[in-house]
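Engineer: This is the structure I want to talk about, given as structure tokens.
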Amino acid sequence: MGPFNVLLRSHIAELLGVDRKTVSDYIEDSKPGGKYADDPVPEPVGYLDSQAPEGWVPADQRRPGLRPFWSPESRQDWLSWRQNHPARDHTARRAARRAS
């Protein structure tokens, strides 16, 4: 599977109605010891890698700095995960801080 028919962090954010930073937080908080470690977000199927011949690497070949992607079939998994967790949208909080 190449990175042409995939979900990126921005697609997940749009799907969940949050910003990309929130999705990044969900991913980070799903790591061992994190807030969602017991119920982590869906695992990416791979990572975009401009140095790889196909432009991506499988999830088990992850290196720091690569952008994760998910299969389109994971949409429902993300929506199910989201239903089990409260909203955390940083956009509203940032706007409120700027206004004050």
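What follows draws every value from the coordinates through simple rules; no lab data is involved. Computed from a predicted model, the values in this text were never measured in an experiment. Glycine also receives a Cβ, built like all others from the backbone with ideal geometry; neighbour counts cover every protein chain displayed.
Engineer: Quick check on my filter: what residues within region 32-52 are farther than 18 Å from residue 16 by Cα and either in contact (Cβ under 8 Å) with a residue 24 or more places away in the chain or of a type in the set (Gly, Ala, Ser) (or both)?
Structural biologist: Listed by number, the residues that qualify are 33, 34, 37, 45, 46, 48, 50, 52.
Engineer: Which of the residues spanning region 55-71 are of a type outside the set (Ser, Thr, Tyr) and surrounded by 11 or more Cβ atoms within 10 Å (Cβ to Cβ)?
Structural biologist: 55, 56, 57, 58, 59, 61, 62, 66, 67, 68, 69, 70
Engineer: Continuing with this model, one more query. In region 61-77, what residues are of a type in the set (D, E, K, R), under 14 Å from the mean Cα position of the chain (by Cα) and under 13 Å from residue 46 (Cα atoms)?
Structural biologist: Selection gives 67 alone.
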